[in-house]
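Let me begin by presenting the structure, written as structure tokens, before commenting on it.
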Amino acid sequence: MKPFTFYKTDQTAGFTLIEVLVVVIIAGILAGIAAPSWLAFLNRQRVNTVKTELMQTLKNTQQDAIQRRLSRPIKVESTATVPTVVVNGVTQTLGGDASNPGNLRLRSYFVNSGGTQDATYDTITFDYRGLPTISKSNVAGSASSTALPFVISIAVNNSNVKQCVIVANLLGTLKTASNAQCDNPTL
């Protein structure tokens, strides 16, 4: 019988600790470079989703007012932690992203002929013909106004991403815009 002997093998296979650390550091640097772009992409997608849903809500409310021959109000909740509107007394959250409170904000305002914004207007009402009037729901006894454009902007906190839906004229024409055109829709 042959005695059991150990054979010395070449032990150069595998990675050293330094090689593994270099790979982990490089992966971390690449992730750090990609993260801001990914977050900006996510914010743009969220804003676009809310804008699309807001536009659809406005169109549906306008059509509902015409079909039922009744006035239908939409109030923008600018103090809510998620994008929220109240349509004919029913609260609707836009964007379906209630898990991300405080990131997206809705803001409504009327832009006068001089280009200044009046943020006290927060409600738009479509009458039985689908024609819009705007009002200040937080002011007791405030009068309605047919002065337009009425802007509902969607913005991301701490970012320059901004989109808006504009009720452009007395016929209730709805349009979308972004950035500077949201601030002055007469451009």
- Item | Percentage, to the nearest whole number, of Cα pairs in the stretch 17-183 over 24 Å apart | 41
- May I ask you to compute the full-extension gain from Thr173 to Ala34, defined as 0.36 nm times their residue separation minus their alpha-carbon distance, rounded to one decimal in nm? 46.0 nm
- Quick one: go through the stretch 43-57 and flag any residue whose amide nitrogen is under 20 Å from the point 7 Å out along the Cα-to-Cβ line of Thr81. 43, 46-47, 50
- Work out, step by step, the length gained on full extension between Gln67 and Asn160: first 0.36 nm times the residue separation, then minus their alpha carbon distance; give nm to one decimal. 29.6 nm
- Note on the structure: Phi angles of the stretch 13-30, converted by Karplus (6.51 cos²θ - 1.76 cosθ + 1.60, θ = phi - 60°) into ³J(HN,Hα) in whole Hz with x for Gly and Pro, give 7, x, 10, 8, 4, 5, 4, 5, 4, 4, 5, 5, 5, 4, 4, x, 5, 5
- Note on the structure: Spelling it out for Thr84: with amide H atoms placed in the peptide plane at 1.01 Å from N, the residues 5 or more places away or on another chain with amide H under 5 Å from its amide H are Glu77, Leu94, Leu106
- Query: So what is log10(I(q)/I(0)) for the stretch 46-101 at q = 0.18, 0.20, 0.24 1/Å, when the Debye sum runs over its Cα atoms only?
  - Reply: -0.60, -0.71, -0.94
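Readers should treat all values here as calculations from the given coordinates under stated rules, not as data from a laboratory. Worth saying up front: this structure is predicted, and the values here are computed from it rather than measured. A quick note on method: Cβ atoms are made from the backbone with ideal geometry, for glycine too, and the neighbour counts reach across all protein chains shown.
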